[in-house]
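Presented below is the structure to which this report refers.
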Amino acid sequence: MKKVRLKVPATVANLVCGFDILGMAIHEPYDEMELRLTESPEIIIKHTDKFGLPEKPLQNVAGVVLLKIQEHLHLKNGFEVVINKKIKPGSGLGSSAASAAGAAIGANILLGNILSKEELVYFAMFGEELASDVKHADNIAPCIYGGITLVKSSNPVDIIPLSSPDLFVTAVHPQVEVKTSDARQILKKNILLKDAIEQWGNIAGLVAGIQKNDFGLIGRSLNDVIIEPIRSILIPKFNEIKEKSLELGALGGGISGSGPSVFMLSEKEELAQKIAEMMKSVYDEIDIDNYVYVSKINPSGIKIIDED
Ligand code: HSE
(Lines give C-alpha, C1' and ligand atoms only; values in the text may rest on other atoms or scores of the structure.)
Protein backbone atom coordinates (compact mmCIF):
# COMPACT_ATOMS: atom_id res chain seq x y z
CA MET A 1 0.00 0.00 0.00
CA LYS A 2 0.94 3.65 -0.04
CA LYS A 3 4.03 4.70 1.89
CA VAL A 4 5.96 7.85 2.71
CA ARG A 5 9.45 8.42 4.12
CA LEU A 6 10.18 11.55 6.13
CA LYS A 7 13.14 13.40 7.54
CA VAL A 8 11.95 14.90 10.81
CA PRO A 9 14.17 17.57 12.35
CA ALA A 10 15.12 18.43 15.91
CA THR A 11 13.65 21.61 17.35
CA VAL A 12 14.73 24.10 20.00
CA ALA A 13 11.78 25.13 22.14
CA ASN A 14 11.27 28.20 24.32
CA LEU A 15 14.04 30.20 22.60
CA VAL A 16 15.09 31.27 26.10
CA CYS A 17 12.31 33.66 27.15
CA GLY A 18 9.31 32.20 25.28
CA PHE A 19 8.43 29.29 27.56
CA ASP A 20 5.95 27.00 25.78
CA ILE A 21 5.28 29.53 22.99
CA LEU A 22 8.42 29.93 20.84
CA GLY A 23 10.44 27.32 18.98
CA MET A 24 12.62 26.78 15.92
CA ALA A 25 13.50 23.89 13.66
CA ILE A 26 17.15 23.03 13.02
CA HIS A 27 18.72 20.62 10.50
CA GLU A 28 20.72 18.30 12.77
CA PRO A 29 19.97 15.88 14.34
CA TYR A 30 16.88 14.43 12.65
CA ASP A 31 14.77 11.27 12.79
CA GLU A 32 13.77 9.14 9.82
CA MET A 33 10.22 7.85 9.70
CA GLU A 34 8.50 5.59 7.21
CA LEU A 35 4.73 5.32 7.31
CA ARG A 36 2.41 2.99 5.39
CA LEU A 37 -1.35 2.99 5.16
CA THR A 38 -2.58 -0.56 5.79
CA GLU A 39 -5.82 -2.43 4.95
CA SER A 40 -6.19 -3.68 8.50
CA PRO A 41 -7.03 -1.16 11.23
CA GLU A 42 -4.03 -1.92 13.49
CA ILE A 43 -1.43 0.68 14.33
CA ILE A 44 1.97 -1.02 14.19
CA ILE A 45 5.06 0.81 15.46
CA LYS A 46 8.62 -0.43 14.98
CA HIS A 47 11.79 1.27 16.13
CA THR A 48 15.06 0.49 14.35
CA ASP A 49 17.04 2.69 16.77
CA LYS A 50 18.51 1.52 20.07
CA PHE A 51 16.55 3.67 22.51
CA GLY A 52 14.17 0.91 23.59
CA LEU A 53 11.06 3.10 23.36
CA PRO A 54 7.70 1.36 23.87
CA GLU A 55 6.11 0.12 20.65
CA LYS A 56 2.57 -0.48 21.88
CA PRO A 57 0.51 2.24 20.15
CA LEU A 58 -1.05 3.60 23.35
CA GLN A 59 2.40 3.92 24.96
CA ASN A 60 4.16 5.30 21.90
CA VAL A 61 4.19 9.01 21.04
CA ALA A 62 3.62 8.37 17.31
CA GLY A 63 1.09 5.66 18.15
CA VAL A 64 -1.24 7.88 20.20
CA VAL A 65 -1.22 10.53 17.48
CA LEU A 66 -2.21 7.98 14.83
CA LEU A 67 -4.91 6.52 17.07
CA LYS A 68 -6.42 9.99 17.54
CA ILE A 69 -6.37 10.69 13.79
CA GLN A 70 -7.87 7.27 13.07
CA GLU A 71 -10.64 7.85 15.61
CA HIS A 72 -11.36 11.41 14.46
CA LEU A 73 -11.64 10.42 10.79
CA HIS A 74 -13.42 7.09 11.48
CA LEU A 75 -10.74 5.35 9.40
CA LYS A 76 -11.03 1.69 8.52
CA ASN A 77 -7.32 1.64 7.61
CA GLY A 78 -4.41 1.41 9.97
CA PHE A 79 -0.79 2.55 9.81
CA GLU A 80 2.55 0.82 9.98
CA VAL A 81 5.37 3.08 11.15
CA VAL A 82 9.11 2.46 11.21
CA ILE A 83 11.07 5.02 13.23
CA ASN A 84 14.82 5.44 13.15
CA LYS A 85 15.32 7.92 15.93
CA LYS A 86 18.53 9.94 15.98
CA ILE A 87 17.23 12.71 18.24
CA LYS A 88 17.90 11.16 21.62
CA PRO A 89 14.86 11.04 23.92
CA GLY A 90 15.29 13.40 26.86
CA SER A 91 17.82 15.57 25.01
CA GLY A 92 15.74 18.77 25.00
CA LEU A 93 15.92 18.76 21.20
CA GLY A 94 12.29 17.85 20.55
CA SER A 95 12.60 14.07 20.27
CA SER A 96 9.00 13.34 21.26
CA ALA A 97 7.73 16.22 19.11
CA ALA A 98 9.56 14.75 16.11
CA SER A 99 7.79 11.38 16.50
CA ALA A 100 4.45 13.09 17.09
CA ALA A 101 4.71 15.63 14.28
CA GLY A 102 6.18 13.04 11.87
CA ALA A 103 3.27 10.70 12.58
CA ALA A 104 0.71 13.46 11.99
CA ILE A 105 2.32 14.73 8.77
CA GLY A 106 2.98 11.22 7.44
CA ALA A 107 -0.61 10.11 8.07
CA ASN A 108 -1.94 13.25 6.42
CA ILE A 109 0.15 12.68 3.28
CA LEU A 110 -1.05 9.07 3.06
CA LEU A 111 -4.64 10.24 3.44
CA GLY A 112 -4.36 12.83 0.65
CA ASN A 113 -3.61 15.95 2.74
CA ILE A 114 -7.05 16.33 4.24
CA LEU A 115 -5.95 17.94 7.51
CA SER A 116 -4.84 21.55 7.98
CA LYS A 117 -1.53 22.44 9.68
CA GLU A 118 -3.46 23.57 12.78
CA GLU A 119 -5.19 20.18 12.89
CA LEU A 120 -1.83 18.42 12.56
CA VAL A 121 -0.53 20.42 15.53
CA TYR A 122 -3.70 19.57 17.46
CA PHE A 123 -3.26 15.81 16.91
CA ALA A 124 0.51 15.86 17.45
CA MET A 125 0.01 17.47 20.87
CA PHE A 126 -1.46 14.18 22.13
CA GLY A 127 2.04 12.74 21.67
CA GLU A 128 3.54 15.52 23.79
CA GLU A 129 0.91 14.86 26.41
CA LEU A 130 2.00 11.22 26.58
CA ALA A 131 5.68 12.20 26.81
CA SER A 132 5.47 15.02 29.34
CA ASP A 133 1.89 15.14 30.66
CA VAL A 134 1.33 18.52 28.99
CA LYS A 135 0.04 19.42 25.52
CA HIS A 136 2.65 21.98 24.58
CA ALA A 137 3.10 22.87 20.90
CA ASP A 138 6.37 24.81 20.94
CA ASN A 139 8.42 21.92 19.47
CA ILE A 140 5.65 20.52 17.29
CA ALA A 141 4.81 23.80 15.54
CA PRO A 142 8.29 24.49 14.11
CA CYS A 143 8.62 20.82 13.12
CA ILE A 144 5.40 21.10 11.09
CA TYR A 145 5.66 24.73 9.84
CA GLY A 146 9.47 25.04 9.67
CA GLY A 147 11.54 28.03 10.77
CA ILE A 148 10.59 29.86 13.96
CA THR A 149 7.02 29.72 15.22
CA LEU A 150 4.96 31.46 17.86
CA VAL A 151 2.26 29.45 19.59
CA LYS A 152 -0.25 32.26 20.04
CA SER A 153 -2.57 29.69 21.60
CA SER A 154 -2.58 25.91 21.85
CA ASN A 155 -6.30 25.67 22.67
CA PRO A 156 -7.63 26.53 20.16
CA VAL A 157 -4.51 25.99 18.07
CA ASP A 158 -3.28 29.32 16.69
CA ILE A 159 0.25 29.21 15.27
CA ILE A 160 2.05 32.26 13.89
CA PRO A 161 5.00 31.36 11.63
CA LEU A 162 7.74 33.99 12.07
CA SER A 163 10.69 34.87 9.81
CA SER A 164 13.74 32.62 9.67
CA PRO A 165 16.75 34.88 10.22
CA ASP A 166 19.98 33.83 8.57
CA LEU A 167 21.59 32.62 11.80
CA PHE A 168 23.64 29.62 12.89
CA VAL A 169 22.65 27.46 15.81
CA THR A 170 25.18 25.60 17.95
CA ALA A 171 23.64 23.00 20.25
CA VAL A 172 25.40 20.77 22.74
CA HIS A 173 23.76 17.73 24.25
CA PRO A 174 25.62 16.65 27.38
CA GLN A 175 24.75 13.05 28.25
CA VAL A 176 22.97 13.69 31.52
CA GLU A 177 19.32 12.86 32.01
CA VAL A 178 16.76 15.63 32.44
CA LYS A 179 13.16 14.49 32.01
CA THR A 180 10.81 17.17 30.67
CA SER A 181 8.20 16.17 33.26
CA ASP A 182 10.75 16.68 36.09
CA ALA A 183 12.02 19.92 34.57
CA ARG A 184 8.43 21.19 34.53
CA GLN A 185 7.63 20.06 38.02
CA ILE A 186 10.41 22.09 39.62
CA LEU A 187 9.08 25.35 38.17
CA LYS A 188 7.29 27.84 40.39
CA LYS A 189 3.53 27.96 39.96
CA ASN A 190 3.40 31.72 40.61
CA ILE A 191 5.69 34.46 39.37
CA LEU A 192 6.24 38.05 40.38
CA LEU A 193 4.62 40.75 38.28
CA LYS A 194 7.98 42.54 37.91
CA ASP A 195 9.50 39.33 36.46
CA ALA A 196 6.52 38.87 34.15
CA ILE A 197 6.95 42.42 32.86
CA GLU A 198 10.64 41.84 32.13
CA GLN A 199 9.84 38.54 30.41
CA TRP A 200 7.06 40.11 28.26
CA GLY A 201 9.52 42.79 27.18
CA ASN A 202 12.04 40.13 26.17
CA ILE A 203 9.51 38.00 24.28
CA ALA A 204 8.11 40.99 22.40
CA GLY A 205 11.68 42.20 21.69
CA LEU A 206 12.69 38.76 20.42
CA VAL A 207 9.69 38.45 18.11
CA ALA A 208 10.25 41.99 16.79
CA GLY A 209 13.97 41.24 16.32
CA ILE A 210 13.19 38.05 14.39
CA GLN A 211 10.66 39.81 12.14
CA LYS A 212 12.94 42.81 11.55
CA ASN A 213 16.09 40.66 11.10
CA ASP A 214 17.61 42.83 13.83
CA PHE A 215 20.33 40.62 15.32
CA GLY A 216 21.22 43.15 18.03
CA LEU A 217 17.63 43.19 19.26
CA ILE A 218 17.50 39.37 19.12
CA GLY A 219 20.64 39.20 21.26
CA ARG A 220 19.37 41.72 23.83
CA SER A 221 16.07 39.87 24.12
CA LEU A 222 17.48 36.37 24.70
CA ASN A 223 17.04 36.66 28.46
CA ASP A 224 14.92 34.52 30.72
CA VAL A 225 14.31 35.70 34.28
CA ILE A 226 11.72 33.04 35.11
CA ILE A 227 12.62 29.54 33.93
CA GLU A 228 16.39 29.52 33.33
CA PRO A 229 17.43 30.46 36.88
CA ILE A 230 15.58 27.37 38.14
CA ARG A 231 16.30 24.84 35.41
CA SER A 232 19.94 25.73 34.83
CA ILE A 233 20.92 24.05 38.10
CA LEU A 234 20.04 20.70 36.43
CA ILE A 235 22.62 21.29 33.69
CA PRO A 236 26.29 20.87 34.57
CA LYS A 237 28.48 23.80 33.47
CA PHE A 238 25.51 25.77 32.12
CA ASN A 239 26.78 29.15 33.32
CA GLU A 240 30.30 28.50 32.07
CA ILE A 241 29.02 27.47 28.61
CA LYS A 242 26.81 30.55 28.39
CA GLU A 243 29.46 33.00 29.59
CA LYS A 244 32.14 31.60 27.29
CA SER A 245 29.76 31.61 24.29
CA LEU A 246 28.91 35.28 24.85
CA GLU A 247 32.60 36.13 25.29
CA LEU A 248 33.32 34.42 21.95
CA GLY A 249 30.63 36.59 20.31
CA ALA A 250 27.38 34.56 20.32
CA LEU A 251 24.23 36.69 20.07
CA GLY A 252 22.79 34.74 22.98
CA GLY A 253 21.15 31.46 23.85
CA GLY A 254 20.23 29.25 26.76
CA ILE A 255 18.58 25.97 27.59
CA SER A 256 17.12 24.10 24.62
CA GLY A 257 13.59 23.09 25.58
CA SER A 258 13.70 21.59 29.04
CA GLY A 259 17.40 20.69 28.72
CA PRO A 260 19.95 19.30 29.16
CA SER A 261 20.92 20.59 25.69
CA VAL A 262 22.12 24.17 25.49
CA PHE A 263 21.99 26.25 22.30
CA MET A 264 23.58 29.47 21.10
CA LEU A 265 22.86 31.68 18.08
CA SER A 266 25.65 33.19 15.98
CA GLU A 267 25.79 35.33 12.88
CA LYS A 268 28.71 33.48 11.27
CA GLU A 269 29.31 29.77 10.76
CA GLU A 270 32.95 30.12 11.81
CA LEU A 271 31.88 31.47 15.18
CA ALA A 272 29.22 28.77 15.57
CA GLN A 273 31.96 26.15 15.00
CA LYS A 274 34.25 27.84 17.54
CA ILE A 275 31.46 27.76 20.10
CA ALA A 276 30.90 24.09 19.29
CA GLU A 277 34.58 23.33 20.03
CA MET A 278 34.42 25.27 23.30
CA MET A 279 31.23 23.45 24.38
CA LYS A 280 32.79 20.11 23.60
CA SER A 281 35.98 20.86 25.52
CA VAL A 282 34.03 22.05 28.60
CA TYR A 283 32.19 18.72 28.81
CA ASP A 284 35.20 16.61 27.76
CA GLU A 285 37.15 18.14 30.64
CA ILE A 286 34.68 16.80 33.19
CA ASP A 287 34.22 13.48 31.34
CA ILE A 288 30.61 14.05 30.33
CA ASP A 289 29.96 12.50 26.92
CA ASN A 290 28.43 15.05 24.61
CA TYR A 291 27.18 15.61 21.08
CA VAL A 292 27.54 18.97 19.40
CA TYR A 293 25.53 20.14 16.37
CA VAL A 294 26.03 23.19 14.19
CA SER A 295 23.15 23.98 11.87
CA LYS A 296 21.29 26.84 10.25
CA ILE A 297 17.70 27.50 11.23
CA ASN A 298 15.68 24.98 9.20
CA PRO A 299 13.06 26.99 7.28
CA SER A 300 11.03 24.03 6.05
CA GLY A 301 10.69 21.59 8.98
CA ILE A 302 9.68 18.03 8.10
CA LYS A 303 10.82 16.97 4.62
CA ILE A 304 9.42 14.22 2.44
CA ILE A 305 12.30 11.96 1.33
CA ASP A 306 10.08 9.91 -0.99
CA GLU A 307 6.54 8.67 -1.32
CA ASP A 308 4.70 6.11 -3.42
N1 HSE B 1 8.33 24.16 26.52
C2 HSE B 1 8.68 22.85 26.96
C3 HSE B 1 9.39 22.97 28.30
C4 HSE B 1 9.59 22.22 25.94
O5 HSE B 1 10.27 23.80 28.40
O6 HSE B 1 9.04 22.23 29.22
C7 HSE B 1 10.00 20.82 26.28
O8 HSE B 1 10.90 20.38 25.27
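So the values come out like this:
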read-out: Degrees, to the nearest 10: 117-132 long Cα axis against longest axis of the chain; value: 70 degrees
read-out: Degrees, to the nearest 10: 95-110 long Cα axis against longest axis of the chain; value: 40 degrees
read-out: Residue-by-residue Karplus 3J(HN,Hα) for the stretch 159-165, coefficients 6.51, -1.76, 1.60, Hz, glycine and proline x; value: 10, 10, x, 9, 5, 10, x
read-out: Charge dipole (debye, nearest 20) of the stretch 32-96; +1 at Cβ of Lys and Arg, -1 at Cβ of Asp and Glu; value: 240 debye
read-out: Simple spin-label estimate for LEU73 and LYS189 in nanometres, 7 Å along Cα-Cβ; value: 4.0 nm
read-out: Cα gyration tensor, the stretch 51-175 - rounded (a/c under 1.5), prolate or oblate; value: oblate
read-out: Dipole moment magnitude, nearest 20 debye, the chain about Cα centre, only Lys, Arg, Asp, Glu C-beta charged; value: 360 debye
read-out: Calculated P(r) of the chain - Cα pairs past 38 Å, %; value: 11 percent
read-out: Ratio Rg/Rh, restricted to the stretch 222-308 and using Cα atoms, in which Rh is the Kirkwood radius; value: 1.03
read-out: Accessible-area composition of the chain, carbon plus sulfur, in percent [1.4 Å probe]; value: 51 percent
read-out: Estimated vicinal HN-Hα couplings, Hz - the stretch 41-56 in sequence order (Karplus 6.51, -1.76, 1.60; Gly, Pro = x); value: x, 5, 9, 10, 10, 10, 10, 9, 7, 10, 7, x, 6, x, 10, 5
read-out: Out-of-range pairs (alpha-carbon distance over 20 Å; input LYS88/LYS189; LYS7/LYS50; LYS212/LYS296; LYS152/LYS188); value: LYS88/LYS189; LYS152/LYS188
read-out: Where trypsin sites (Lys or Arg not before Pro) fall in DSSP loop in the stretch 146-208, at most 15 other Cβ within 10 Å; value: LYS179, LYS188, LYS189
read-out: Straight-distance crosslink candidates among aspartates and glutamates, where the alpha carbon sits under 13 Å from LYS244 and sequence neighbours closer than 8 are dropped; value: GLU277
read-out: Most to least accessible of PHE126, PHE51 (protein chains only, probe 1.4 Å); value: PHE51, PHE126
read-out: Dipole moment magnitude, nearest 20 debye, the stretch 168-296 about Cα centre, only Lys, Arg, Asp, Glu C-beta charged; value: 520 debye
read-out: Semi-axes of the equivalent ellipsoid for the stretch 168-296, Cα gyration tensor, largest first, Å; value: 23, 21, 11
read-out: Helical contribution to [θ] at 222 nm, DSSP H n ≥ 4, -39,500 (n - 2.57), averaged over the chain, rounded to 500; value: -11500 deg cm²/dmol
read-out: Burial order of peptide ranges 214-220, 290-296 (average beta-carbon count within 10 Å, highest first); value: 290-296, 214-220
read-out: Amide N of the stretch 72-105 lying under 19 Å from the label point, which is placed 7 angstrom from the Cα of GLU39 along Cα→Cβ; value: 75-81
read-out: Inter-part distance where the stretch 1-66 and the stretch 206-261 are each reduced to a Cα centre, Å; value: 27 Å
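The values are calculated or read from the model by the stated rules, or taken from the named source; none is laboratory data. This is a predicted model, so every value here is computed, not measured. As a convention, Cβ positions derive from the backbone with ideal geometry for all residues, glycine included, and neighbour counts pool all protein chains shown. Side chains are part of the model used for accessible areas, which takes the heavy atoms of the whole protein and leaves out ligands, DNA and RNA. Shrake-Rupley method; radii C 1.70, N 1.55, O 1.52, S 1.80 Å.
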